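The values are calculated or read from the model by the stated rules, or taken from the named source; none is laboratory data. These figures come from a predicted structure and were not determined experimentally. Cβ: placed from backbone, ideal geometry, glycine included. Neighbour counts: every protein chain shown. These area figures cover heavy atoms from the full protein model, side chains too; ligands, DNA and RNA do not enter into them. Shrake-Rupley method; radii C 1.70, N 1.55, O 1.52, S 1.80 Å.
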Amino acid sequence: MDSGSRRRGNAALAKMTKVRRRKEMVLYQIAVSCSILLLAWCMCSLLSRLGEVVVVGGRGGGMEWWGRRLMTAATDNGTQTKNCTEPAIHEFPNDLFTNKERQHGGVLLHITGAVYMFYALAIVCDDFFVPALEKICERLHLNEDVAGATFMAAGSSAPELFASVIGVFITHGDVGVGTIVGSAVFNILCIIGVCGLFAGQIVYLTQWSVFRDSLYYTLSVILLIVFMYDEKIDWWEGLILILVYAGYILVMKFNTKMQNYFVSKLMKDVANGNVIGNELEDGNTDYLRIHDDPTLPLLSQVQSANGVDKEICAAEKCDGIENGNVPLDINAKEDGNKDESELELMSPFSPPEGHLNKMKWLSSWPVLVMLFFTVPNCAKPRWERFFMITFFMSTLWIAVFSYLMVWMVTVIGFTLGIPDIIMGITFLAAGTSVPDCMASLIVARQGMGDMAVSNTIGSNVFDILVGLGLPWGLQTMIIDSGSFVRINSRGLVYSVVLLLGSVALTVAGIHVNGWKLDKKLGIYVLVLYAVFLCFSIMIEFNVFTFVNLPMCQTSI
């Protein structure tokens, strides 16, 4: 294998390190997801109480009290007709606890169960699903950009994808769509915000990579808004989303040529004295030096301006950084000897050394035992040729764990009076996205801003076009040909519009900030995320206009 092929292979595998770190972020998952759940519960409780004292005109000129807790209205013949939205909890098996028992503490067990499913998904993705995807990419000899846009994106977004599948085929509700939308906003705003605040340096971003992914992402969100506007998804709409993603794969395949064209146009502007941004004004001569060589990819300026040692971007290292990817040897410096401890953690019969590792091993032991006896570990030489069995069996376990995760989250939301769509946008989205956030922070600290930002936006493209388009297409074209998928929450359309606005405001903020990822930009986008959550919750509670009937409350 020549050096170019080996370099491309390393760059492709480097994308997988984001997913391989997933199980290391479990404590961050617990802290962030539970904090956002607490915020959502407080807001929903407040809005529910306010809704109970909102007076609206009743029939016959009378007055009646209305809020999210309104359940039924009597008809002329004395029968009851529901004027509330059925919660998705009825689509799952009966719970061991009654609603009253859960409200008196039983819900804590469900929260623990949901968090444990986050961890179980992390283990099966890290140790089995992703290695199987690596083997598939190697056998197919995929270009690293195509591999990153297909199999590797699936590895990073597996929990969101299966949550969407469960929402379409099992719960017939909006929890899956809410997870996709909430995860997309979390990825755009929280990841950029956290990287800006805690990167420890000013990271310069590449205009081409941000422009490429943001433009395609904006197109994806606009299509989603148009298709969801009539509150139903037809077969051709799901098909269009899938075909648009196929177009994204083509864009990534020819990314280098498009990138070189962008560089040549930019160099003409530089020659004419029209440098985009304020690089020359700031005396950043590295900008010209990097872009003056068309053989180099359009990188973020990871030079002395970022406070990063130039050894990181030595010639042999920069050759391995393509489209914002970090070479494996750079990650190895930080990981140290983690590979050995991870291999020990993967075995249910070999306790690792160290008290913390032993606690992790004990907590994950039930999952490790099930996976050990059902899924061949293709990362080991003796099981390497069984990678397709690993792929299918790990996919099955991801489906099982995702089902249990959505079940627990649905019960939690019903118990706390939080609509399913809000649980998807907040708790479920944060729980599935925190590992990507922390992994992006790691590479941002190395000065690789493009990987932290561009791969985040690119994974969002996968979430929307495949995470929603694929289950919608399967349901309307294969499972029940000619049918359509109902969007229950009209407020979800407004949330997607807010998502589009967050993308526009984020890119505008990056441009105004001189294409720099710093603390100022971090605070700006985190404030945007808080605003998005508040507005999404208020929309679901009909604060601005009537969009939804209240969620039915029963004693189950």
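The table below gives the values:
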| quantity | calculated |
| --- | --- |
| Relative contact order (percent, whole number), the range 407-520, Cα cutoff 8 Å, 6+ residue spacing | 13 percent |
| Which of TYR216, TYR261 is most accessible, then next, and so on - probe 1.4 Å | TYR261, TYR216 |
| Surface share of carbon and sulfur [accessible, 1.4 angstrom probe, percent] for the range 500-556 | 77 percent |
| Karplus-derived 3J(HN,Hα), 6.51/-1.76/1.60, for each residue of the range 151-163, Hz, glycine and proline x | 5, 6, 5, 5, x, 6, 10, 4, x, 5, 4, 6, 5 |
| Residue-normalised accessible area of the range 372-491, expressed per residue, 1.4 Å probe, Å² | 30 Å² |
| Mean separation of Cα contacts under 8 Å (6+ apart) over length of the range 114-183, as relative contact order % | 23 percent |
| Probe 1.4 Å - accessible area at ILE479, Å² to nearest ten | 110 Å² |
| Residue list for the range 171-214, given a label point 7 angstrom along the Cα-to-Cβ vector of ILE523 and an amide N cut-off under 12 Å | 197 |
| FRET efficiency estimate (nearest 0.05) - Cβ-Cβ, LEU140 to SER347, R0 25 angstrom | 0.25 |
| Under the Debye formula (equal points on every Cα, no solvent term), log10 I(q)/I(0) of the range 121-190 at q = 0.11, 0.22, 0.24 Å⁻¹ | -0.34, -0.98, -1.03 |
| Residues with amide H under 5 Å from that of VAL466, placed H, sequence gap 5 or more | none |
| Derived scalar couplings ³J(HN,Hα) [the range 397-414; Karplus, 6.51 cos²θ - 1.76 cosθ + 1.60; whole Hz; x for Gly, Pro] | 5, 4, 5, 5, 5, 5, 4, 5, 5, 5, 4, 4, 5, 5, 5, 4, x, 4 |
| Prolate/oblate/rounded call for the range 369-526, Cα gyration tensor, a/c under 1.5 rounded | oblate |
| Mean-position separation - Cα centroids, the range 407-433 and the range 148-210, in angstrom | 17 Å |
| Nearest-0.05 FRET efficiency for PHE392 and ASP480, computed from C-beta distance (R0 22 Å) | 0.35 |
| Solvent accessible area, Å² - TRP361, 1.4 Å probe, full protein context | 30 Å² |
| Kirkwood Rh, Cα atoms: Rg over Rh of the range 357-421 | 1.15 |
| R0 of 41 Å, Cβ-Cβ distance ILE222-PHE198: FRET efficiency to nearest 0.05 | 0.80 |
| Cut-off under 5 Å, modelled amide H: who pairs with THR85 long-range | MET551, CYS552 |
| Of all accessible heavy-atom area on the range 174-254, the percent that carbon and sulfur account for (1.4 Å) | 79 percent |
| Net length gained if the chain between TYR28 and MET370 were fully extended (0.36 nm per residue, minus Cα distance) | 120.6 nm |
| Amide hydrogen neighbours beyond the local backbone of ILE487, cut-off 5 Å, H modeled | LYS232, ILE233 |
| The range 454-483 versus the range 503-555: alpha-carbon centroid distance in Å | 23 Å |
